[in-house]
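These notes concern the structure reproduced below.
The values are calculated or read from the model by the stated rules, or taken from the named source; none is laboratory data. Predicted model, so just to flag it, every value in this text is computed and none were measured. Every residue, glycine as well, gets a Cβ built from its backbone with ideal geometry; the counts of neighbours run over all protein chains shown.
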Amino acid sequence: MGPGWTALIPLFGKPRRSFALMSTLSSGREVSRSRAGSSRCDFVGVEPRTGGSRRSSNILNSPVQHLLKEWAERPCPQMDIEALPPHLLVPGSNSPVRIIDLGGPGHKQLVSIILPWMHVAISIGNEVTLEQMKALIFGSIKRMAHPQYSIQAEDYIFRVVTITGSSDLPELTDLFFEEQMLCKVEMTPAYPVFFLYEPDGFRNEKDIAKAIGNALGYPLIQLESQIDEEHRDCRVKLFNEVELAVGSRGLGGTEHYAFPEDDVTSEDTTCPQALKSKIESNSLAYHVYYRTQDAEKANDDSKAKLVVIDFMAEYTPTTLIQKTLSKLKETDEPADAFILQIAGQKCYLTSDEHLLLNFGTVRSNLEDYRSPQFVLRRKAIVFIEYPPAQKLHKPSYVKAAEAAAAALTDDGGIISLWDLDANLALRPISCSKLGAFEVETSISAYFAVFVGQVMLFQCKSFKVPTHNPRWQSEFMEFELYMKDLPPAANLSISLVEEKANKKKPGILLEERVLGWVNVPLFDWKNELLQGHHTFNLHTTPVKGPGVYNAEGQLGNSDAKGSPRLMIELFNWQRRVRLPPFEIYSAFVETQMKWGHIPVPKEVPKNEQALVQSRVENILRKHMNSEDVSREEEDYVWHYRHFISVVVPDALLLICECQEMWKSRESYGEVYALMNDWAQLSHGVSLLLLGKRGLDPTIRRYAVEHLDGTLSDQTFHLFILPLVQALKCETFACSALALLLVRKALSDYRIGHKLFWILRAELADLKHEMDLGKGDGQFSNQFKLLSLILEAYLRGNEDHIRMITRQVGMADRLTQLSVMLKSFTKDVATKKLREELKRNLSHFEHLDSPLDPSDELGELLIDRCKVLGSAKMPLRLAWRNASPMASTWQKNYEILFKNGDDLRQDMLVLQVLEIMDAIWKRSGIDCCLSPYPVLPMGTKLGMIGVVQDCATIFEIQSGGGKMGTAVKSLETSFINRHVRDHATATKDYLMRVDRFLVSCVGYSVATYIMGIKDRHNDNIMMTNSGKLFHIDFGHILGHGKTKLGIQRDRVPFVLTEHFLCVISKGGSVQKDSHDVVKFRQLCVKAYLYLWDFRSLFVSLFSVMQGMQLPELSTKADLEYLKKALQVDVMTRSDAEQHFIDVFTDAFNGSWSTKTNWFFHTVKHL
C-alpha cells in the first residue's frame, strides 16, 4: 500500500469491536469470527493495531472531528460478513476481501469511502470521473443497503478533506462537479478519504423534483438522464434567470407577483362623450358591497350591505373606497385598510395611477349598460393569501456548474475565427443506408451555406456510383473567407441521385433528392464545426426551388433507417471560436477610420420622403410574399443608416440582403447599428423570431424590443406565438427562452398560461414520439420545453401544489372520459356522478385551469353530466367561491373534451382577444365573448361555458320539428326572442345595442380570419343580446364543399335575421339609418385592424409552427393578406375594399338563410 493509504490508520485509531462487514456498526451484539484473520478491519483494509490509539483530534480540525464523531455514534444495524455471499463484493472471489477493486482506467488509487451507515475501502483507476466512481461504488454495495438511507447514487455527493489557504488546516469541501477525474481532485494527500453524504436541503430538493415531475407528467430524473452538455448549460442559465426574476419581483401585498390586478385597457383622462351619454341615460353607478370583519373571514355574503356611489369620471380606486366609507358610516377603520375587489372574481383594483373607468372590467360593464360591482375587502385578510415567497432553493446541478466554472482553466487551445486565413473547405467521404436503387444511377453531394433563406455560396461534389458511394476527392473550397463566416451560417447538404438517359448520353433523365440535412457551422458554444461528422438525412420532400431545403429543421433526422452521409470539414487542430459580440462595434469603427467601410452620408431632406416611400413599398411587397429584386435589395442596403432611424421595420429586408452576410464588415456594421436602431413594430419583431431570422444577434434584438414594449397586461396575448417561435431557435438557450421564464415569474397569470401551453406542446411531442420510433428518447425540442417548465416551477415553488392539483384533476377527468365512452349517455352521466362523489376532494376548491382568477368552489354534482355528441364531452359545474358571486356569475361550467383538437380554437380565440384589445384601445367595445379554451394534450382539453345563452338553432326550436325548419326561413324569430327577454322598451333597446356591436365585432373578425362553416348551431346569443361564434374548425377561407362547390358563399355571415334585430324589427333596407350605422361601425372596426395588418400576418406566420392542417403553408396565409389588404397603401382604399365586402355579405344573406334551412332539416 502507498503512503496515502497507510496514513488512514491513525485517522480512525484502534479498530472497534462494533465494526462488522464494511465497518458496519453493531446495534447491540457482536459478530463472531469463524475464520482466522478475517476481522472486520480486514475488510475495510485497515490492519488491527496492537499498540495504543492516537487521538484523531491531533490530526483533524474540529469540524472534521465532529463529523467523524457523528458518524461513529449513529445507530446502525449489525450485518454479518459470513451471512453474505462473497461474490456480491468482488465477482469471482471465493474469500472475504480487504479492498473492493472497482477497476477503471489510470493508475490504481486506494481510497476510503465513508457513507452515512458504513465505511468501505476501494481500489480504483484515477482516471475515472467522480460520477463514474460513485456509480461503481453503489453498484457494488446494493446488498448492503440500510432501510433508513437511500441506495441511489444520485442522492449523494462527495465531500473531501482539503487544505486551503495559508493556515494549513484541513477543511471539508463539497464536490458538486462530478465530471472531473479522480486524479484532478485536490485533497490532502495524507487522507485519501471521501465522504458520501446527502447535501444540505437534499430532502427539500427531492420533494421539489417530485412535485415538478408530477406537474410535467413524467419523473424529472428521466429528463436528467437524457440531457446533454448543451441542455445542462441551458438548464443552469434558466435557473440563473429564475434567481434574477425572483429577486426583482414583488414579495408581498399588492406588489406580490401573484396578486391579481385588473387590466388597464384605456389611458383616457376623461370619460368619452358616447360612454358618458350611455351612463347618464341609464343611471349607471358604482355598486360597492361591505361586509363585517367576521363575515369577510367566513366569506359570508348573506348580510352584505350595498352602497351605491354616483358615477364620477375622475374617481380612482382610493377615491371610491373613501366615498363608500363616508356614506356607510358603520366603521372606524381607515380607508387605507381596504382595497377594491371585483364582485365574483379574484381580481382587484389598487392602482391610483389610472381612473376607475380605464380598468378593463369596469369599462366593459359600463359599455354593456351594467353598473360595476365591487366588494370592499380588508387588506389584512386578503394579504394572508399572498405571503412572501419561500427562499429560493438552489438545486445541486447549479452548485455543480458553479464548482465546474470555478475549476475551469483556460488551456490555450482556442483561437478566434478571425485568426484563420483561408476559405471554408470540406469534402464528402461516403454514404450508406440508401435503400433500393437502380444499377445505372449515380449520386452527388450538394453543399450550400445559408443564413436564414439567403444563400451565400454553394458547391457540388463529383458523381459516384450509387452502389459504391465513396468519394476519394480533395477538399472543396467555398468562395467564402473564414473571417467572413457569419455567426448564423448553416451548412445545407442534399444527397441527389441522378439517372442517365441511355438514348441521349450526357442528358439526365431524372434527378431525385435522397435526403437532406441542415447543420449550424457554429455550435452552442460558438465554436466552429470541423473534422469528421456523420449526418442522418431527412427524407421528407424538399420545399422550394432547387435541391436544398433551407427552411427545413436543423439537425439530424431521428427516423430509423434514414440515409447517412459522412463528410469532413477542414480541421484546424485547435478549437475555433467566434469573436465576442462586443468586438464588432470597435472593428467597424476602425474599418471606417481606415476607409475600408464608407462613412454613411445623411440623406438630403428633399430626398427623405422619396426614399422612405420607396423603402416602405419594397417592405410592403416583401410582406405580401412578392419577390424583391436584386436592385431593390441593393437600394435598401444603400440606405441602411437612414432606415435604422426612419423605417426601422425594414430591418426585415436588410436581414435578407445578400450583401449583409458576405463580409464581417457588412454584418458587423448592422450589429453596431443595433445599439441605436429605432423601435420595431410587434409584427416585425415576431417575424424576426420566425424561421427566417436565425441570426442570434438579430433575434436577441427582437426579443429586447418585445420585452420593452409589451407590458405584463398585454404580454399574455403573445405567449402562444412566442412559444411557436421557440421552435425556430437554433440552440437550447436563447434570449426568448429566458424572456418567457422571466415574464412567467413576474406575473402569475402569465406563468399559469405559459405552463399549460407548454405542457400541451409536450403532450403533442410525446404523442409523436410514441407513434414514431418509441425508444423513449426525447427530442431536443421536448427537452427544451421541459427545462423551461422546470425553471418556471422552481421559481414558483409556493404554487406548485395548486398546479399539481390542476394536473391531477385533468388526469382523472381523462381516465373518466375514456371509461364513460363505453356507456350510453344516461348511464354515463350516472357513473360520472358516482365517480365524482367518490373522488370529491380532487375536484373542489382550486383555481380553474382556464383562468387562475376563477375560484372553483363546491362541485355541483347534480349539474354534472355527459353530453350526447360523438366524443361524449363532460359538462362540469362548480359554485363560484369568490365574494358576492351572485351579482356576477354564481357558478362556473367547464366542458372537458377528449377526442377533439382544440388548438385551432385556441388560436382563433387568442387572435380574437388581440382584436378586442385593439378595438378597446381605439375606443370601441364590441362586447365580444372570447370564452376560454385550453388544450391539455393531444386532442384533450377544457372549454369555458358561456352562461345564459343558446344557439340560434335552439332559439328557433320552439315550434316542433317542422316549425323549427320553417323558422330558419322566418326573418324575425331572433328579434322576437330578444324582445321576449326584455323587461321594457328601454331594456329591449339595450339588448339590440349589444347585439349590434357584437355583430360588428364578429362580422369583421370572422371575415379577416376567414372563419367558415357558419351555421345556426355554431352561432350563439346570450340572454342579454350579445352574439358570439363557437367551433372554429375551418379558418383562412378553408370551408366545406359539396360537389366541389363552396358552401359558404359570403365573406361573413350577415343574414336577414341579424339585420332584422339591428333594424329593431323594422324592414331591412340597405340605406336605412340602422343598416348604414351598422355598416359604418363595421368599416371603422375593420380599419382599426387594418392599421395592425402586419401584426396579424406575423402572428399567423409564426403560428404555422403549430402544424395545423389549415395553417401549414405559405398559401394558407394568402387569404389573410387579401382580407387585410396588405398591399393597399391608403386607408381610403382599404375602406372601399371592406365596403365592397359588406355589400357582398348583405346581398348574399339569402344563401346563408338557405344553408341554415338545410342544416336544420338535416339535424331534426
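Key figures
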read-out: Members of region 726-750 found to be closer than 16 Å to L789 by Cβ and among the basic types (K, R), listed by number; value: K727, R742, K743
read-out: Residue satisfying condition, being free of Cβ contacts under 8 Å to residues at least 40 places away in the same chain and acidic (D, E), within set D268, D300, D262; value: D300
read-out: Any hit, region 613-628, residues being over 27 Å from E729 (Cα atoms), among the polar types (S, T, N, Q) and either within 33 Å of the chain's Cα centre (by Cα) or in a helix (DSSP H, G or I) (or both); value: yes
read-out: Residue identified as of a type in the set (D, E, K, R), within 40 Å of the chain's Cα centre (by Cα) and more than 19 Å from D368 (Cα to Cα) among K323, K329, K297; value: K297
read-out: Checking Y892 against (1) within 30 Å of T292 (Cβ to Cβ); (2) under 28 Å from the mean Cα position of the chain (by Cα); (3) part of a loop (DSSP other than H, G, I, E, B), the condition it does not meet; value: (3)
read-out: Given (1) under 22 Å from Y149 (Cβ atoms); (2) out of contact with any Pro (no Cβ under 9 Å at 6 or more places or on another chain); (3) crowded, with 18+ Cβ neighbours inside 10 Å, number of the condition N214 does not satisfy; value: (1)
read-out: Subset of region 1013-1025 that is in contact with a strand residue (DSSP E or B) (Cβ under 8 Å, 6 or more places away or on another chain) and not β-branched (V, I, T) - its residue that is surrounded by the most Cβ atoms within 10 Å (Cβ to Cβ); value: N1016
read-out: Meets criteria (over 24 Å from the mean Cα position of the chain (by Cα), more than 26 Å from H845 (Cα to Cα) and surrounded by fewer than 22 Cβ atoms within 10 Å (Cβ to Cβ)) for A870; value: yes
read-out: Some residue of region 381-397 being surrounded by 11 or more Cβ atoms within 10 Å (Cβ to Cβ), modelled with pLDDT of 95 or more and among the aliphatic types (A, V, I, L, M); value: yes
read-out: Close pairs (6 angstrom Cβ cut-off, 6 or more residues apart or separate chains): over 13 Å from R1093 (Cβ atoms) in region 613-626, small (G, A, S) anywhere; value: V615/A650
read-out: Matching residues in region 282-320 - criterion: being assigned to a loop (DSSP other than H, G, I, E, B), among the hydroxyl-bearing types (S, T, Y) and closer than 26 Å to Y988 by Cα; value: S283
read-out: Some residue of region 1129-1140 being aliphatic (A, V, I, L, M) and modelled with pLDDT under 95; value: yes
read-out: Search result, residues across region 210-228 that are over 14 Å from L785 (Cα atoms) and in contact with an Asp or Glu (Cβ under 9 Å, 6 or more places away or on another chain); value: A211, I221
read-out: Filter pass, E665 being surrounded by fewer than 21 Cβ atoms within 10 Å (Cβ to Cβ), charged (D, E, K, R) and part of a helix (DSSP H, G or I); value: yes
read-out: Single condition L1095 does not satisfy, out of (1) free of Cβ contacts under 8 Å to residues at least 24 places away in the same chain; (2) under 35 Å from the mean Cα position of the chain (by Cα); value: (1)
read-out: Filtered residue count, region 912-959, keeping only those that are over 20 Å from P873 (Cα atoms) and acidic (D, E); value: 3
read-out: Test: L495 is within 21 Å of A425 (Cα to Cα) and in a strand (DSSP E or B); value: yes
read-out: Scan of region 191-218 for residues that are part of a loop (DSSP other than H, G, I, E, B) and modelled with pLDDT of 90 or more, ordered by number; value: G217, Y218
read-out: Entirely in region 973-1087, the helices (runs of 4 or more DSSP H) that have 2 or more residues that are touching a helix residue (DSSP H, G or I) at 6+ places or on another chain (Cβ under 9 Å) and aromatic (F, W, Y); value: 985-1008
read-out: Residues (under 35 Å from the mean Cα position of the chain (by Cα), over 14 Å from K346 (Cα atoms) and hydrophobic (A, V, I, L, M, F, W, C)) located in region 356-379; value: L356, L357, F359, V362
read-out: Top-ranked residue in region 800-845 [being in contact (Cβ under 8 Å) with a residue 60 or more places away in the chain and in contact with a Phe, Trp or Tyr (Cβ under 7 Å, 6 or more places away or on another chain); ranked as surrounded by the most Cβ atoms within 10 Å (Cβ to Cβ)]; value: I803
read-out: Residues that are of a type in the set (S, T, N, Q) and assigned to a loop (DSSP other than H, G, I, E, B), drawn from region 671-700; value: Q679, S681
read-out: Count - residues of region 1025-1082 that are among the β-branched types (V, I, T), touching a Cys at 6+ places or on another chain (Cβ under 9 Å) and modelled with pLDDT of 95 or more; value: 2
read-out: From the options D948, D905, D901, D862, residue that is surrounded by fewer than 18 Cβ atoms within 10 Å (Cβ to Cβ) and either modelled with pLDDT of 95 or more or of a type in the set (F, W, Y) (or both); value: D862
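Per-residue answers, yes or no, for (1) in the same structural domain as P334 (by TED's automatic domain parsing); (2) among the small types (G, A, S); (3) over 23 Å from Y257 (Cβ atoms); (4) not in a strand (DSSP E or B):
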site	(1), (2), (3), (4)
T361	yes, no, no, yes
Y369	yes, no, yes, yes
I381	yes, no, no, yes
L392	no, no, no, yes
